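Note sheet for the following structure.
The values are calculated or read from the model by the stated rules, or taken from the named source; none is laboratory data. In this text the structure is predicted, and so the values were computed from the model without any measurement. Here the Cβ positions follow ideal geometry from the backbone for every residue, glycine too, while neighbour counts run over all protein chains shown. Remember, those area values only see protein heavy atoms, side chains included, never the ligands or the DNA or RNA. Shrake-Rupley method; radii C 1.70, N 1.55, O 1.52, S 1.80 Å.
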Amino acid sequence: MPNVLIVLVGAMGFGASSAYGGPCGMPTAQRLAHGGLQYTGFRTSGSGTATRNALLTGRGPASGGIRHHPGSATTIATILRYHGYRTAAFGKVCRPGHPQQPSALEHGGFQGFEKFYGFAGTETSQWEPILYDGTRPATPLTGPQYGYHLSEDLTDQAIHWIRVHKARTPGTPFFAYLAFGATQAPHHVPRRWRDQYRGLFHDGWDMQRQRTLRRQQARGIVPAHTELVPRPHEIPAWSGLSQPAKQVALTLMENYAGFATHTDRQVGRIVDALNLLGTLDDTLVFYVLGDGPASRQGGPHGTINDVLVRNGVPEPALDALPFLDDVGGPESNPGYPAGWALAMDTPFDGGTRNGLIVHWPDGIKERGRLCHQRLHCTDILPTILEAAGLPEPYTVDGVAQRPIEGAGMRYTFGDPDAPDRRGGLVEWPAVRVPAQDGGEPSYPSSITVYSGMQQVPSDGVPDVKNTSHTIVADIEVGVDGGDGVVAAQGGRFGGWALYLRSGLVTYCYNLFGRERTYLRAPSWLRPGRHAIRYAFAYDGGGIGKGGIGTLTVDDIEIGAVRIDATVPLLFADDQALGIGRDSGSPVTGEYAGCGGPFTGTIRSVRIDIGRPPAQPREYGVLSRHQKTPPQKTPQR
């Protein structure tokens, strides 16, 4: 039975990679294609979540589930594990298959995997991600100051796991699933990777589409008579952009291309590690270039702060110009314009066509060939079973299984020109993934959390947006008055934090990373136990409105502040709640690195919504938004 490695890159269109005629240099993809097979008719399921579930279960959205894996559609990880494989997943998984949910332990491992290291949700920061190792929060030293990048971390973890496995049980096959956060936004990458592409996109997305199509035609990736789909009317012509808009768009595309190349380099590291271990020839590698079309969430002009776009807040190009040097770094949250996404989908306009490269020297006879058969992501599971000589399971853990809907592609390994075996392409329409089965997400109205609870998922926390709410903390401090984070939710581009700064109780509200409002106690806490209460009286009248926040310490009101506007929809996709430290990127730079760990004792933190506090009198301690927090503090 061969080892199996599935590598999945997110939000990469058909025409992005150099292996498919695109502008993003991906030499590992080209190397694997040269030693394996490259497929031109591979389809995904229209959205990242649906594609990932279809890939792991071999079933379409209706049978395999969209956001969960029902017991009647077990994953390939479970099947292989029951046949003696060691299994591990690294990278992105989609909710509600969340590592901290009870269902995470179904079948003895997370979605059937014995080992899981990664993140849950649509996207996360590449510099300061919120991670899990199994069902426990993982807290590596994150940030560029520590030489950290998520794609590199995931690759390190995967290589280490494979090496340990081969050392301990060399005769046992493994199945590793590596799903990068890349190249989904935010497009975070070290500056040197972005600089490789400086000036290469100056003629814009319309010309890039034509250039990519010519290369695809010349290589036989698409038929010679293929024409470009007309540019949608909502995407502006490159020639019609202003010079500032072009400058922003060019920087964002250079950054994306560097991000894609950096990701491919990590895949190259795994391939090299397998080669050094002597297991590459007997490893069946699926390199899936995209889980759906290239993402257009950056809008018509792109963004350096994706959280703004996802909250429906416009970001004019002139506003972004002063921050272009930050693009790709932790101070940015970038996504390229929809015009570049269209170019990365060449010759299509979105759709479900993506690249697939299969490499297996021991099992593929004719290598370096193009395969034009019609395939779907559900075909990967039955192909693995065919390669391993394993039957399709009809019962797993006493649960009858729905039939696998994919069809194996191993017949192409011996004959890349074999006739297509599909009478008609099994293709499901693009799927809109609901927040939860049945509609909108359901949040609790109250929660009490305790010291050490980290990365509490947002759907398990009261939603403090667009409503009045209170945060009450029971803490104890020593003679230094305490320092660090009591509770925080969100991050650099939106959120809130309740913390102590040199003994001063402080509340910070972060509005899209543009403005931060601070409310701070005028004097230090005395040693001992204290009750801290922050109450927000929401103005009402719609979403994203303002209100008045009041800070109380030991039943004494010490200040109030007017917050003129609030985040209406989301702080971040991974807006987890942290107790005792800030998970992920910091809400404010006022507390120390590594999440600003609290130096005192947190007995409990309670959050309630929907209970409007009494209208506070105006104290005016800090009554305006401040882009730079006050630096002056009282003297002891």
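Within 24 Å of residue 5 (Cα to Cα), free of Cβ contacts under 8 Å to residues at least 60 places away in the same chain and not polar (S, T, N, Q): does that describe residue 408? Steps first, please.
Details: within 24 Å of residue 5 (Cα to Cα): yes; free of Cβ contacts under 8 Å to residues at least 60 places away in the same chain: yes; not polar (S, T, N, Q): yes.
For residue 408, the condition - within 24 Å of residue 5 (Cα to Cα), free of Cβ contacts under 8 Å to residues at least 60 places away in the same chain and not polar (S, T, N, Q) - is met.
Residues of region 511-529 being farther than 28 Å from residue 476 by Cβ, open to solvent by less than 70 Å² (accessible area, probe 1.4 Å) and in a loop (DSSP other than H, G, I, E, B), which ones?
512, 513
In region 158-180, what residues are in contact with a helix residue (DSSP H, G or I) (Cβ under 9 Å, 6 or more places away or on another chain) and in a loop (DSSP other than H, G, I, E, B)? Break it down stepwise before answering.
So in region 158-180, the residues in contact with a helix residue (DSSP H, G or I) (Cβ under 9 Å, 6 or more places away or on another chain) come out as 158-159, 162-163, 166, 172-180.
Within region 158-180, 172, 173, 180 meet the criteria.
Can you name every residue in region 326-373 that is of a type in the set (Ser, Thr, Tyr) and open to solvent by 10 Å² or more (accessible area, probe 1.4 Å)?
352
Restricting to region 119-152, count the residues that are in contact with a helix residue (DSSP H, G or I) (Cβ under 7 Å, 6 or more places away or on another chain) and among the acidic types (Asp, Glu).
Matching residues across region 119-152 total 1.
Looking at (1) of a type outside the set (S, T, N, Q); (2) crowded, with 19+ Cβ neighbours inside 10 Å; (3) under 20 Å from residue 347 (Cβ atoms); (4) under 30 Å from the mean Cα position of the chain (by Cα), can you tell me which one residue 234 breaks?
It is condition (2) that residue 234 fails.
Matching residues to (1) at pLDDT 80 or above; (2) open to solvent by less than 40 Å² (accessible area, probe 1.4 Å); (3) within 30 Å of residue 350 (Cβ to Cβ):
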| site | (1), (2), (3) |
| --- | --- |
| 422 | no, yes, yes |
| 435 | no, no, yes |
| 438 | no, no, yes |
| 441 | no, no, yes |
| 447 | yes, yes, no |
| 451 | yes, no, no |
| 458 | yes, yes, yes |
| 465 | yes, yes, no |
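Go through region 530-562 residue by residue and tally those that are assigned to a loop (DSSP other than H, G, I, E, B) and within 38 Å of the chain's Cα centre (by Cα). Full working, then the answer.
Step one: of region 530-562, the residues assigned to a loop (DSSP other than H, G, I, E, B) are 539-546, 554-555.
Right, trim to within 38 Å of the chain's Cα centre (by Cα) and you get 539-546.
Counting residues in region 530-562 that are assigned to a loop (DSSP other than H, G, I, E, B) and within 38 Å of the chain's Cα centre (by Cα) gives 8.
Between a residue in region 132-144 that is within 28 Å of residue 326 (Cα to Cα) and open to solvent by less than 50 Å² (accessible area, probe 1.4 Å) and any residue that is part of a loop (DSSP other than H, G, I, E, B) and among the hydrophobic types (A, V, I, L, M, F, W, C), which pairs come within a Cβ distance under 8 Å, given they are 6 or more apart or on different chains?
Matching pairs, first to second residue: 142/127; 143/127.
What are the residues in region 66-111 that are over 24 Å from residue 160 (Cβ atoms), more than 18 Å from the chain's Cα centre (by Cα), in a loop (DSSP other than H, G, I, E, B) and modelled with pLDDT under 55, if any?
Across region 66-111, the qualifying residue is only 101.
State yes or no: is residue 155 assigned to a loop (DSSP other than H, G, I, E, B) and in contact with a helix residue (DSSP H, G or I) (Cβ under 8 Å, 6 or more places away or on another chain)?
no
Here is a list: 267, 285, 271. Which entry is more than 25 Å from residue 148 (Cα to Cα), modelled with pLDDT of 95 or more and crowded, with 19+ Cβ neighbours inside 10 Å?
Step by step, each of 267, 285, 271 is checked, and only 285 is more than 25 Å from residue 148 (Cα to Cα), modelled with pLDDT of 95 or more and crowded, with 19+ Cβ neighbours inside 10 Å.
Counting just the residues of region 9-64 that are within 21 Å of residue 263 (Cβ to Cβ) and without any contact (Cβ under 8 Å) to a residue 60 or more places away in the chain, which one comes out surrounded by the fewest Cβ atoms within 10 Å (Cβ to Cβ)?
The residue in question is 30.
May I ask you to list the residues in region 220-231 that are under 28 Å from residue 300 (Cα atoms) and open to solvent by less than 70 Å² (accessible area, probe 1.4 Å)?
Once the filter is applied, which keeps residues that are under 28 Å from residue 300 (Cα atoms) and open to solvent by less than 70 Å² (accessible area, probe 1.4 Å), region 220-231 yields 222, 226, 228, 229.
Do we have any residue at all in region 148-162 that's in contact with a Pro (Cβ under 6 Å, 6 or more places away or on another chain), open to solvent by 50 Å² or more (accessible area, probe 1.4 Å) and not small (Gly, Ala, Ser)? Walk me through how you get there before you give the answer.
Going through region 148-162, the residues in contact with a Pro (Cβ under 6 Å, 6 or more places away or on another chain) turn out to be 150.
Narrowing the set further to residues that are open to solvent by 50 Å² or more (accessible area, probe 1.4 Å) leaves none.
No: zero hits.
Of the residues that sit in region 1-53 and are more than 26 Å from the chain's Cα centre (by Cα) and aliphatic (A, V, I, L, M), which one is nearest to residue 279 (Cα to Cα)?
Checked region 1-53; the qualifying residue nearest to residue 279 (Cα to Cα) is 1.
Within the bounds of region 517-531, is there any residue that is in contact (Cβ under 8 Å) with a residue 12 or more places away in the chain and under 18 Å from residue 453 (Cα atoms)?
No, that holds for no residue.
So how many residues does region 171-192 have that are surrounded by fewer than 20 Cβ atoms within 10 Å (Cβ to Cβ) and farther than 24 Å from residue 383 by Cα?
Qualifying residue count for the region: 3.
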